[in-house]
Amino acid sequence: MPSVAENFRAWNDEWPEERGGDEWTGQADFCGQPYEEWKRSLAERFISPFAAPGRSVLEIGPGHGRWTRILGASGAKISLVDISPRCLRTCERFLGPALGRAVLGDGSSFPGIPPGSVDFAWSFDCFVHMELDVLSANLREVRRVLKVGGIAVIHHPGRWPAGLALARRLAGRLPRLATLLSMGYPRIDSGWRGWVTAGSFRRAARDAGLRVVSSHRRWGPDDRFTVAKYRDWISVLERPAPHGPGTRHP
Ligand SMILES: C[S@@+](CC[C@H](N)C(=O)[O-])C[C@H]1O[C@@H](n2cnc3c(N)ncnc32)[C@H](O)[C@@H]1O
């Protein structure tokens, strides 16, 4: 849980398109910030430095396009990969001439995106819903399609390590204890995250041949914005030159 098939059902068949893609306001609500401010700051910190005219951008899991609209306005060429035809159709409609390729994926690969063709890969609220095998396959694809020196910014899970996960599962068998825990620890609500720790994400990135430039839970003035709900992270990854140090990125 959650499998690719369950993701397909949730995002293609069940989740309604509302508010131009801005349905997922939970992270901003959690940090007590107005949603628009949280979103603008996130885009300034993690999208604007990398999406610019003449660049080739790939968004993985665009949904109904809340980030796709921002990417499209950057002057870059935007390609999309998603398992949901409905989400792709929605985003194709408003991207217009900014659209590169829109490809229907199988959940683990980016068919039709040529190797070494992407300057910047972006994904928010998509890898958090993958289990480690699927997430690792997607990171290998990110490495394949990035140019040398290209950057990926990926929002991903940072779940508890296995021992704590086991404790949680045992707690789930004891309804009263689970109730008490869930009263004291709202994060017991899993947010439908894959069981992937921050460490296993970073290992999977390195195994895929990517350099982990930095990982963030907070950003903005006084670190006021966060993706700490459900213990998430945003990591900046780079496809390094085959031999030699990586370049410096924000
Ligand atoms: C919760 S929505 C988030 C949409 C958008 N990124 C946002 O932040 O508003 C998850 C999106 O990821 C897509 N998705 C889920 N699993 C995927 C996978 N394994 N490969 C590609 N897309 C996937 C879903 O179809 C959906 O478009």
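Just so it is clear, none of the values below were taken in a lab; they were calculated from the coordinates. Because the structure is predicted, anything quoted here is derived from the model rather than measured. Using ideal geometry, Cβ is built from the backbone for each residue, glycine included, and neighbour counts are taken over all protein chains shown.
Considering only residues of the range 56-80 that are touching an Asp or Glu at 6+ places or on another chain (Cβ under 6 Å) and of a type in the set (Gly, Ala, Ser), which is farthest from the ligand (Cβ to nearest atom)?
In this case the residue turns out to be Ser56.
Within the range 126-153, how many residues are within 11 Å of the ligand (Cβ to nearest atom) and in contact (Cβ under 8 Å) with a residue 40 or more places away in the chain?
Selection size over the range 126-153: 9.
Of all residues in the range 203-230 being assigned to a loop (DSSP other than H, G, I, E, B) and hydrophobic (A, V, I, L, M, F, W, C), which is surrounded by the fewest Cβ atoms within 10 Å (Cβ to Cβ)?
Filtering the range 203-230 for residues assigned to a loop (DSSP other than H, G, I, E, B) gives 208-210, 217, 220, 224, 227-228.
Adding the requirement that they be hydrophobic (A, V, I, L, M, F, W, C) leaves 208, 210, 227-228.
Values: Ala208: 19, Leu210: 25, Val227: 25, Ala228: 15.
Step by step, filter the range 203-230, then rank; the result is Ala228.
Could you list, in sequence order, all residues of the range 81-119 that are part of a strand (DSSP E or B) and either near the ligand (Cβ under 9 Å from one of its atoms) or surrounded by fewer than 24 Cβ atoms within 10 Å (Cβ to Cβ) (or both)?
Step one: filter the range 81-119 for residues part of a strand (DSSP E or B), giving 81-82, 99-104, 118-119.
Once the filter is applied, which keeps residues that are part of a strand (DSSP E or B) and either near the ligand (Cβ under 9 Å from one of its atoms) or surrounded by fewer than 24 Cβ atoms within 10 Å (Cβ to Cβ) (or both), the range 81-119 yields Val81, Asp82, Leu99, Gly100, Arg101, Ala102, Val103, Leu104, Asp119.
If a residue counts only when it is surrounded by fewer than 14 Cβ atoms within 10 Å (Cβ to Cβ) and either hydroxyl-bearing (Ser, Thr, Tyr) or within 12 Å of the ligand (Cβ to nearest atom) (or both), which helices (runs of 4 or more DSSP H) contained entirely in the range 1-53 have at least 2 such residues?
Numbers: elements: 4-8, 26-30, 35-46.
So the answer is 4-8.
Which of (1) farther than 19 Å from Trp192 by Cβ; (2) touching a Gly at 6+ places or on another chain (Cβ under 6 Å) does Phe50 not meet, given it meets every other one?
(2)
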